[in-house]
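Engineer: What follows is a single structure, and I will ask about it in a moment.
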């Protein structure tokens, strides 16, 4: 249904709650000195938003706010995934030593605002809304990256993020302006009708516009060639923010990418396959992007000694695996992508939690801090990190295997054999660098001046939950598969 | 509107502005210079939106509203951008983006 402004509010409650949370935190920060407990408050607000999302009625789909946003199964998946990412980021922020020194009110208000923006990105049904949401995510992420005002690395990362982000989103809206000129509308479903109805639409102009738009969205998911910011930003930002960018921002990017490339400029045929515009061969382009993204991410990760930087390159490679599902142009592929994104959320968040626990205890992020971790009293973090890294590699009995299995199986069913082989070879290469920290933790002797290892229960709680989920969903995947299956519904007005 | 001015003129003007902005972004090493280049790219898009809206009565408001939002967001981005540049200047005493890189590899 096409809902007006007031009728939409009922379906917009989780976002409204988060927006109220942003304002509450700003006011409380002014009233209370020191800003203690603001993190706990944001965590409670976000958890309530998750409950509201779960309680929301499941209609076939609705347009909200006069077709600015769309509420459908696909949006539901990303609402849940993004709010779960925010919960992890907030939980880590409370337990992180880095965050304790910055302005608490600013930090948590901006983090919640970024969460709302990511949800809006995943739900947008209009080029203007997509641009506004993407830009709001970017602006909040720049500030969060540079929030450590006395840390030079953090400032340098924020500047690089700003420059790459500004250029990418500038190119994106220039491309959108061409689409607007060609289709005469900003609404995704009207664009779709206009592009498919027009005889001899200028294919080259559409292709260039699509490539320009891809730059803005590709920058959010850190795919080649818009990945250059990722290692520097991931290394410079405080660890909870790195995690939030790696899981939340990337998920939102994939959501918008799928919304634009599937329902807006492709057509679902009766046989259940998506059909791209004739003569606009963006799937072929994305196949190449996907292969290079996987390979480059993995090869660059081989030489990294800083765990945060290594995970940054690894997350570029992981985006490549998820893209593998995306380029197949079929519902099967999108389902595999959703499963992969959920798996990626669990294992990447987990790995960053352990990096944060070690950084809290030692103040270091390089591989030297991990030498002999098990012998120094950090057996549990060492075991958990091993589980997450095995899962990122895709070893059976972890959720990462389920994700990779579905992605590669979908690629083989659609006869993308070369891409599947490249993906599998990449997984083998990645085993080398994922196992280096494991070897350091269990087999190497601690450095002579290493202090005994201590950590707080708060962080262990999150680490344990993510470890159990990584193994649990790896052994019993049906809940994840059902969730992805049910989310595979795009609302375009026909049903 | 002067006679003889067609949509093509506007599209070519905006394309020229877009290319100039891109060249500015690629060649400048000064952070403020790069931000100026980004501003040129955004305004190239704005010319397109307003021109397409003018020549297509069905989408009259969509394009103009988009242009207004772009102007507003460009201002917001400039505020945050300059704040970050200022913070960098306080640390490094330079805003040359290639100078004193510590994040590499």
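Engineer: Given a Förster distance of 56 Å, report the FRET efficiency between residue A:431 and residue B:64 from their Cβ-Cβ distance, rounded to the nearest 0.05.
Structural biologist: Efficiency, from the Cβ-Cβ distance: 0.55.
Engineer: Now a separate question. Using square roots of five times the C-alpha gyration tensor eigenvalues, list the equivalent-ellipsoid semi-axes of segment A:281-489 in whole Å, biggest first.
Structural biologist: Values for segment A:281-489, descending: 32, 19, 12 Å.
Engineer: Also, quick follow-up: Based on alpha-carbon centroids, what's the gap between segment A:117-181 and segment B:44-105 in Å, whole number please?
Structural biologist: Going from one Cα centre to the other spans 10 Å.
Engineer: Against the longest alpha carbon principal axis of chain A, how many degrees, from 0 to 90 and to the nearest 10, is the axis of helix A:127-145 turned?
Structural biologist: Relative to chain A, helix A:127-145 is tipped by roughly 10 degrees.
Engineer: Also, I was wondering about something else. Roughly how tilted is helix A:13-31, in degrees to the nearest 10 and between 0 and 90, from the longest Cα axis of chain A?
Structural biologist: Value to nearest ten degrees: 50.
Engineer: Say each of residue A:5 and residue B:94 gets a label point 7 Å from the Cα, pointing the same way as Cα to Cβ; how far apart are those two points in nm?
Structural biologist: 5.2 nm
Engineer: Test of understanding: what is the full-extension gain from residue A:211 to residue A:383, defined as 0.36 nm times their sequence separation minus their Cα-Cα distance?
Structural biologist: Taking residue A:211 through residue A:383 to full extension adds about 57.6 nm, to one decimal.
Engineer: Something else about it: Using Cα centres only, tell me the gap between segment A:312-336 and segment A:232-281 in whole Å.
Structural biologist: 9 Å
Engineer: Ignoring everything except DSSP H segments at least 4 long, calculate the 222 nm mean residue ellipticity for the protein assembly as shown; use -39,500 (n - 2.57) per segment, divide by total residues, nearest 500.
Structural biologist: Value at 222 nm, helices only, nearest 500: -24000 deg cm²/dmol.
Engineer: Plugging the Kirkwood radius over Cα pairs into Stokes-Einstein for chain A, at a temperature of 25 °C and a viscosity of 0.890 mPa s, what D comes out in µm²/s?
Structural biologist: 108 µm²/s
Engineer: Still on this structure: Cα convex hull of segment A:15-143: mean projected area in nm², to one decimal? Mind dumping the intermediate values first?
Structural biologist: Details: hull surface 31.1 nm².
That works out to 7.8 nm².
Engineer: If you don't mind, there's one more thing I want to ask. Which shape class applies to segment B:7-96: rounded if a/c is under 1.5, otherwise prolate when a/b exceeds b/c and oblate if not, where a ≥ b ≥ c are the square roots of the Cα gyration tensor eigenvalues?
Structural biologist: Judged from the Cα gyration tensor, segment B:7-96 comes out oblate (a/c at least 1.5, b/c at or above a/b).
Engineer: Would you mind giving the average projected area, over all directions, of the Cα convex hull of segment A:232-351 in nm² with one decimal?
Structural biologist: 7.5 nm²
Engineer: Also, I was wondering about something else. By how many degrees, between 0 and 90 and to the nearest 10, does the Cα long axis of helix B:60-92 differ from the longest principal axis of chain B?
Structural biologist: Approximately 10 degrees, to the nearest 10.
Engineer: While we're looking at this one, here's another question. By how many nm would the segment from residue A:366 to residue A:31 grow when fully extended, if each residue of separation counts as 0.36 nm and the alpha-carbon distance is taken off?
Structural biologist: Values: separation 335, 0.36 × 335 = 120.60 nm, distance 4.01 nm.
Stretched fully, the residue A:366-residue A:31 segment lengthens by 116.6 nm.
Engineer: How big is segment A:163-274 in terms of Cα radius of gyration and Dmax, in angstroms?
Structural biologist: 16.0, 52
Engineer: If you don't mind, another one. With viscosity set to 1.002 mPa s and temperature to 20 °C, compute the Stokes-Einstein D of segment B:27-78, Rh being the Kirkwood radius across alpha carbon pairs; µm²/s, no decimals.
Structural biologist: Working: Rh = 11.8 Å.
My calculation gives 182 µm²/s for D.
A short reminder: the numbers here are calculations on the coordinates, not readings from a lab. Note that the structure is a prediction, hence the values are computed from the model and not measured. Note that each Cβ is placed from the backbone with ideal geometry, even for glycine, and that neighbours are counted across all protein chains shown.
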